[in-house]
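Asker: Here it is, the structure, as structure tokens.
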Amino acid sequence: MPASNFPVSRKASFDDSLMPPCQIACPLHMEIGEYVDLIAQGRVMEALQVIRSGNPFPAICAYVCTHPCEDTCRRGQVDHPIAIRALKRFAIEFGGDRMIQEEARTTYSEKVAVVGSGPAGLAAAYYLRKLGYPVTIFEAHSALGGMLRVGIPQYRLPREVLDIEVQRLTQMGVEIRTNTRVVSLDLLFELGYKAVFITVGAHQGLRLGIEGEESPGVVDGATFLREVNLGFQPSVGTSVAAVGGGNVAIDAARTALRLGAKEVKILYRRTRAEMPADPAEIEQALEEGVEICFLVAPIKITRENKRLRVTCIRFELGETDASGRPRPVPIQGSEFDMEFDTLITAIGQAPRIPEDFHLRIGKGSTIQVDPVTLLTNRPGVFAGGDAVTGPATVTQALAAGRQAAQRIDEYLRHKYPLPQKEKPPIAKDLLPKTIEVIRKAHRLEPERLAPQERVQGFRPIELIYDWQSAVDEARRCLRCGMGAEILFQDRCATCLNCLRVCPYHVPYLDENGTIQIPADQCQACGICVAECPAQAIVLRKPRDRRYIDEELHHVFSTAKQSGFRPLIVSFACQYGLFGTGTLSGLWKEAQASISIVPVLCVATVEPEHILRAFEMGAEGVFVAGCGEQCAREDTHFWVRQRVEKVRRALGQMGLEPERIQAFNVRVKEEDPVQRLHQFTEQIGQLYLAAVLAQEVKM
Amino acid sequence: MIVAEQKPLEEIQRMIAPYEKVLILGCGTCMTVCGAGGEREVSFLHSALRLAQARTGSNTHQFSEYTVKRQCDPEFMALIADRAREVDAILSLGCGIGVQVAAEHFPDTPVLPGVNTSFMGTITELGVWDERCAACGDCRLAETAGICPITRCTKGILNGPCAGTKNGKCEANKDIDCAWILIYERLERLGQLEKMRRYYPPRNFRTIPRPRRLVNLVKADMEEGNG
């Protein structure tokens, strides 16, 4: 049969995926669903490509991202959210991120200065360079990275990760001026820079404003962490207190432990529920022996005998304040004293912008910018990152840097900023009836160092997933937004098959008698796609995925070149077999050429696909599901229906029905290798018999 | 809905044997819903026929496929006039009505039935269809609590149940519910058991002159002076 006669009935370029909640929550709007899905298929290098296309420094985010994506992940409504950040880390390590080289060419002559080399500055430099501008980064400290370098402790972000990213920027041709504090923007313009991006961060620790705060032994968190991270070994003594409830307080406390402090307390004036720090970080700090005193804050510090006597007061929670949290109210007469060697204040940070910059400063000492263009009050001067927003996350800073690069490009090219067209979002919660049917699976976390090992030094505490765990974790993704859609409404006969076959009870008849498949509930199992008698339903297509038709085509054009017979086609679950690499081991000794068509789920394989495989020259076909790993219970039922239908047809045309088999690869009682060998042997014999019969005829 | 099942492949192969170019014509209504001749079945049959042909090593037939919304209206047939002209035969996966409408519309093209039209019925569970109406033209469902004894009683009796009912099942087939027991139970539920006590005279089967015709249009009458 000539390949050109092959009916590809569905539009190949169709992409109508909706934006899942994780992607919306991500400041960079990374295609999280996409790379998690690729990891689940074991296609880690491709996952890394997707990651790198949406994030200039993914290795950094893989360590320190606060993962707002996980907070909105709808898997959390079922059991636990997907461990997205850890999966990204896996893709970075196993996908070979270190090998990737970045290239950039200079296409424009306008030079751009980036003042400050925190995540926002680095990201801006990266994207401006990609756009073709000559870029110079000015950094006051001796090394690039801003807060990544001087704020975040090494146990959370190993410096070599940062160094690799900086190295890449150098490769791309970004000019780097460290130990260079910019004092005047006029000077930069005189030096020929056509645009300036101010991203100096928020390094100034806020003061408690209490008596004795100037005493030796009292230090603010930002300064403390900067000193440690720049290689000084400040002596903290044996007992240390950190004041505050944010990540800096936690970082400072844990760093103090690693510097040899025996007793480390965090004083926080609200309770754990109100702590802005990452809950996982809090948990880890507690594991390491940090003690958190809730509803406590210092009101006076006195220095006696080289120690600090800290007078504290207890609080109770009052009414909700402007920040949406209950206001801590001091309890009169509850004062008490504690003694420490060092007190680290970490109650917030603000930017410090040199007055000579002549920039308009707003609330919290931040630079005021136009929210769309990111322009300050001075022409050609843009600003972003913590210097504009106040202390925020690395990912937010990266997003600000990316946006700034785009705006600076528009400014220099005299273009109007255009609003970005975004995919429609999936925002609704899963319905209880949908949740009920989803097979529960626990979140798998990568292993961590034991607490006593952690506090010995600054080694990164989180280890990397092994391959199997990463694939299993990624498989938990519900694929929000990739679900089924009635693409050809005019074909729909409203037969209600989809409504009847859906294991999640998602399709429904609306009041007009039209069938609806709500995208926010669909779990993308694909059963209705294969059961629709009008072939009116498709799965929304994530990028670069082939439909089964197209994949079959691809497989056969490859198989034709190899010329090895007999040819066996396998429709295999792209996760169960593919993801773990079990597949390649299965037929090392197979006496046949086995071509694999990876499918989203074997429940999406239609009888026509199987028949077509035979038509295109396959001698045998097997359908291999992932067995007990499947997100649904009834997948095998549907596979059997379709296999039986094709068997009947084969029988009617005088072909052996055994030519088609259905395997469940990871079912314990079944040894897939053995069954597969039996199958290939059988097909081999049938093929041989057919060839002999042919020769006899001739 | 009209329910049908696809004919065995051998029979279809025999039917199309004399024709080189064959159009497999699906129907997007009842045949789609009952899974006998919709878009999916058309493409499955198309593949199966090509594969069967390839197995025999012959290259006799050329197939094409198309599915119209409804084969029982001539207007839809007009949409495939060009396709029909290019083929030697049409293999219709429509019900018996569709086959005949196609045949009437394309007088010079043989139209072959790809399905056996079975009955008028409903889906009772996934993949199971049951007959519900015999189209007798004399509906008595008001008296039988909405359950048709003509269709659902093996004997089609109007005054049941007969003596062959046992445990609510029919003597002819123990898997089939006795229609008259169903009627009794439902009348009881509706509080209309008196309908069971009535005698229903036999129906006059001679009132069905085939083929039947329905005219639902008032002919314009000159005498009423509309001109």
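The values are calculated or read from the model by the stated rules, or taken from the named source; none is laboratory data. Everything numeric here is computed off the predicted structure, so don't read it as measured data. So basically every Cβ, Gly included, is an ideal-geometry build from the backbone, and we count neighbours across all protein chains shown. When the accessible area is computed, the model is the full protein with side chains, heavy atoms only, and any ligands, DNA or RNA have been set aside. Shrake-Rupley method; radii C 1.70, N 1.55, O 1.52, S 1.80 Å.
Asker: For residues that are under 22 Å from A:Leu686 (Cα atoms), out of contact with any helix residue (DSSP H, G or I) (no Cβ under 6 Å at 6 or more places or on another chain) and open to solvent by 20 Å² or more (accessible area, probe 1.4 Å), scanning just segment A:630-651, find the one that is nearest to the other protein chains (Cβ to nearest Cβ).
Answerer: Kept after step one, since they are under 22 Å from A:Leu686 (Cα atoms), are these residues of segment A:630-651: A:643-651.
After this cut, where a residue has to be out of contact with any helix residue (DSSP H, G or I) (no Cβ under 6 Å at 6 or more places or on another chain) as well, the list is A:643-644, A:648.
This time we only want the ones that are open to solvent by 20 Å² or more (accessible area, probe 1.4 Å), so: A:644, A:648.
Numbers: A:Glu644: 12, A:Arg648: 9 Å.
So, considering only residues that are under 22 Å from A:Leu686 (Cα atoms), out of contact with any helix residue (DSSP H, G or I) (no Cβ under 6 Å at 6 or more places or on another chain) and open to solvent by 20 Å² or more (accessible area, probe 1.4 Å), the one nearest to the other protein chains (Cβ to nearest Cβ) is A:Arg648.
Residue-wise test of (1) open to solvent by less than 70 Å² (accessible area, probe 1.4 Å); (2) basic (Lys, Arg); (3) modelled with pLDDT of 90 or more; (4) out of contact with any helix residue (DSSP H, G or I) (no Cβ under 9 Å at 6 or more places or on another chain).
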position	(1), (2), (3), (4)
A:Phe382	yes, no, yes, no
A:Ala387	yes, no, yes, no
A:Gly401	yes, no, yes, no
A:Ile408	yes, no, yes, no
A:Tyr411	no, no, yes, yes
A:Leu431	no, no, yes, yes
A:Ile438	yes, no, no, no
A:Glu462	yes, no, no, no
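Asker: Within segment A:56-69, can one find any residue that is crowded, with 20+ Cβ neighbours inside 10 Å, under 30 Å from A:Thr434 (Cα atoms), among the small types (Gly, Ala, Ser) and under 14 Å from the mean Cα position of the chain (by Cα)? Break it down stepwise before answering.
Answerer: Taking segment A:56-69 first, the residues crowded, with 20+ Cβ neighbours inside 10 Å are A:56-67, A:69.
Keeping just the survivors that are under 30 Å from A:Thr434 (Cα atoms) gives A:66-67, A:69.
Going one step further and asking which of them are among the small types (Gly, Ala, Ser), we end up with none.
The answer is no, given that none of the residues of segment A:56-69 is crowded, with 20+ Cβ neighbours inside 10 Å, under 30 Å from A:Thr434 (Cα atoms), among the small types (Gly, Ala, Ser) and under 14 Å from the mean Cα position of the chain (by Cα).
Asker: Can you tell me which residue is nearest to B:Ile24 (Cα to Cα) among those in segment B:115-145 that are exposed (fewer than 14 other Cβ atoms within 10 Å of the Cβ) and hydroxyl-bearing (Ser, Thr, Tyr)?
Answerer: Applying the filter and picking the extreme gives B:Thr122.
Asker: Within the bounds of segment B:37-45, is there any residue that is assigned to a helix (DSSP H, G or I) and either among the β-branched types (Val, Ile, Thr) or outside the structural domain of B:His105 (by TED's automatic domain parsing) (or both)?
Answerer: Here is the first cut: in segment B:37-45, the residues assigned to a helix (DSSP H, G or I) are B:39-45.
When the remaining residues are screened for being either among the β-branched types (Val, Ile, Thr) or outside the structural domain of B:His105 (by TED's automatic domain parsing) (or both), the result is B:42.
Yes, segment B:37-45 contains at least one residue that is assigned to a helix (DSSP H, G or I) and either among the β-branched types (Val, Ile, Thr) or outside the structural domain of B:His105 (by TED's automatic domain parsing) (or both).
Asker: Any residue in segment A:446-461 that is assigned to a loop (DSSP other than H, G, I, E, B) sitting within a Cβ distance under 6 Å of a residue that is among the acidic types (Asp, Glu)? List the pairs, counting only those 6 or more apart or interchain.
Answerer: Filtered contacts from segment A:446-461: A:Pro446/A:Glu462; A:Val455/A:Glu288.
Asker: Then there is this: In segment A:282-306, how many residues are closer than 26 Å to A:Gly457 by Cα and either in contact (Cβ under 8 Å) with a residue 40 or more places away in the chain or among the hydroxyl-bearing types (Ser, Thr, Tyr) (or both)? Quick ask: steps written out before the conclusion?
Answerer: In the first step, residues of segment A:282-306 are kept if they are closer than 26 Å to A:Gly457 by Cα; the result is A:282-293.
Keeping just the survivors that are either in contact (Cβ under 8 Å) with a residue 40 or more places away in the chain or among the hydroxyl-bearing types (Ser, Thr, Tyr) (or both) gives A:284, A:287-290.
So the answer is 5.
Asker: Shifting gears a bit: Considering segment B:119-133 alone, what residues qualify as being out of contact with any Asp or Glu (no Cβ under 6 Å at 6 or more places or on another chain) and under 26 Å from B:Glu11 (Cβ atoms)?
Answerer: B:Met120, B:Ile123, B:Gly127, B:Val128, B:Trp129, B:Asp130, B:Glu131
Asker: Can you name every residue in segment B:7-21 that is surrounded by fewer than 19 Cβ atoms within 10 Å (Cβ to Cβ), facing chain A (nearest Cβ under 10 Å) and closer than 16 Å to B:Val111 by Cβ?
Answerer: B:Glu11
Asker: Could you list, in sequence order, the residues of segment B:25-39 that are open to solvent by less than 10 Å² (accessible area, probe 1.4 Å) and within 7 Å of chain A (Cβ to nearest Cβ)?
Answerer: Residues satisfying the conditions are B:Thr32, B:Gly38.
Asker: Pick from segment A:479-527 the residues that are closer than 15 Å to A:Ala631 by Cβ and not in a loop (DSSP other than H, G, I, E, B): which of them is nearest to the other protein chains (Cβ to nearest Cβ)?
Answerer: Taking the candidates together, the pick is A:Ile527.
Asker: Among the residues of segment A:614-629, which ones are within 37 Å of the chain's Cα centre (by Cα) and either open to solvent by less than 10 Å² (accessible area, probe 1.4 Å) or free of Cβ contacts under 8 Å to residues at least 40 places away in the same chain (or both)?
Answerer: Across segment A:614-629, the qualifying residues are A:Val621, A:Phe622, A:Val623, A:Ala624, A:Gly625, A:Cys626.
Asker: Please verify whether A:Glu462 is charged (D, E, K, R), farther than 19 Å from B:Ile123 by Cα, more than 14 Å from chain B (Cβ to nearest Cβ) and in contact with a strand residue (DSSP E or B) (Cβ under 7 Å, 6 or more places away or on another chain), treating the condition exactly as stated.
Answerer: yes
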